[in-house]
Every structure is written in structure tokens, then in C-alpha cells.
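Just so it is clear, none of the values below were taken in a lab; they were calculated from the coordinates. Remember, predicted model here, so these are calculated numbers, not experimental data. No Cβ is skipped: glycine too gets one built from the backbone with ideal geometry, and neighbour counts run over all protein chains shown.
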Amino acid sequence: MRFLFFAFLVVAALSLAGCSKNDDMGTSAQDYCKRAYQFVDAGYPKEAIDLFDLAIKKDPNFFEAHYNRGVVHFLMKNYQEAIKDFSRALSVEPKNPMVYASRGEVYQTINDSDKALRDYKIAARLGSVETQEYLRSKNISW
């Protein structure tokens with residue numbers, strides 16, 4: 001169940017069309033982001049991370065690049081890096097329920113149940129229907 005829940009989040013994240021930060025000089029953060037998605041789709045996650053790095057270098061507050069790099073780190077089982085990226089994404093968009101749910105999934109994966117539950121509850125309070133359903137299925141209020 002957890003895997004399906006997170007798989008949904010991954011698909012949603014990689015479907016984001018929000019890579020929109022432009023730079024008048026050279027390749028834009030949006031361009032790097034688009035290329036990164038292509039590498040993820042082709043099965044080259046390390047190269048995708050390198051491109052997300054370049055997008056973030058262009059715009060350090062680029063939410064989508066931080067979030068999606070975290071997703072790729074999670075898929076590569078680089079859990080501490082995923083947590084760092086999700087936390088950075090939250091510093092840009094502190095009320096984003098998807099990021100809390102995703103970070104909660106990482107904490108759950110590494111058996112840090114207290115932090116996972118904390119993040120799941122925040123995601124539910126912020127309106128994540130999927131997280132609310134998950135917590136309801138465990139008889140946990142938020």
C-alpha cells in the first residue's frame with residue numbers, strides 16, 4: 001500500500017509542468033529540468049540528478065528541481081539526500097502537502113516512524129487526500 005501511495009506521488013511529481021524559471025543568458029533552469037525528466041524516463045537517474053543540480057544552481061529557490069531531485073534520490077535509495085532535498089523544497093514552499101507526504105514516506109522507509117507520522121499528519125492537515133486516507137486506514141487522526 002505504501003509503495004503504491006508513493007508511486008502515485010512520483011508520477012504526480014514527474015508530471016509537474018512547473019519548471020518555469022528562465023534565465024536570459026544561456027540554458028534556463030526550465031531547460032535543465034525538462035532534460036532531467038527525459039533522463040528519468042530513460043532510466044538514467046544519476047544524470048537526471050546532475051541536471052537538477054544545474055537547475056538549482058541557476059535558481060537556488062527552484063522548488064520543482066529540489067522536490068524532483070528528492071524523488072529521484074528516493075528511487076535510488078539515497079534516503080538521506082532525499083530528506084535533504086524535500087526539506088529544501090519545504091523551505092521554498094512550506095505549506096506543500098505533497099512534500100510532507102513524500103518526506104514522510106522516506107522516514108517510513110528508513111524506519112523513523114515518529115518523523116514519518118509527524119510529516120504524514122502535516123500533509124493531511126494541509127489537505128493531502130491520499131495521506132488522509134492512509135492515516136484513516138491506520139485509525140490515526142491528524
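If you sort the three axes of the alpha carbon gyration tensor as a ≥ b ≥ c, you get a/c of 1.5 or more for the range 63-142 and a/b no higher than b/c, which makes it oblate. In order along the range 61-75, the Karplus-derived 3J(HN,Hα) couplings, from 6.51 cos²θ - 1.76 cosθ + 1.60 at θ = phi - 60°, round to 9, 7, 3, 4, 5, 4, 4, 6, 5, x, 4, 5, 4, 4, 4 Hz, and Gly and Pro are given as x.
Pairs exceeding 24 Å between alpha-carbon atoms, taken from LYS46/LYS95; LYS34/LYS121; LYS58/LYS121; LYS95/LYS115; LYS57/LYS121: LYS46/LYS95; LYS34/LYS121; LYS58/LYS121; LYS57/LYS121.
As a proxy for reagent exposure, PHE63, PHE74, PHE86 were ordered by neighbouring Cβ count within 10 angstrom, fewest first; the result is PHE63, PHE74, PHE86.
Taking θ as phi - 60° and the Karplus parameters 6.51, -1.76 and 1.60, the scalar couplings of the range 96-108 work out to 8, x, 4, 6, 4, 5, 5, 5, x, 5, 5, 4, 4 Hz in sequence order, x denoting glycine and proline.
Applied to the range 78-83, the Karplus parametrisation 6.51 cos²θ - 1.76 cosθ + 1.60 on θ = phi - 60° returns per-residue 3J(HN,Hα) values of 8, 5, 5, 5, 4, 4 Hz, with x for Gly and Pro. Please compute the net charge surrounding GLU47, taking Lys and Arg as +1 and Asp and Glu as -1 over other residues with Cβ under 15 Å from its Cβ. Summing Lys and Arg as +1 and Asp and Glu as -1 gives 0. For the range 58-102, trypsin sites (Lys or Arg not before Pro) are listed when DSSP marks them as loop and at most 11 other Cβ atoms sit within 10 Å of their Cβ; the list is LYS77, LYS95.
Between ASP50 and SER113, the contour length at 0.36 nm per residue exceeds the alpha carbon distance by 19.6 nm.
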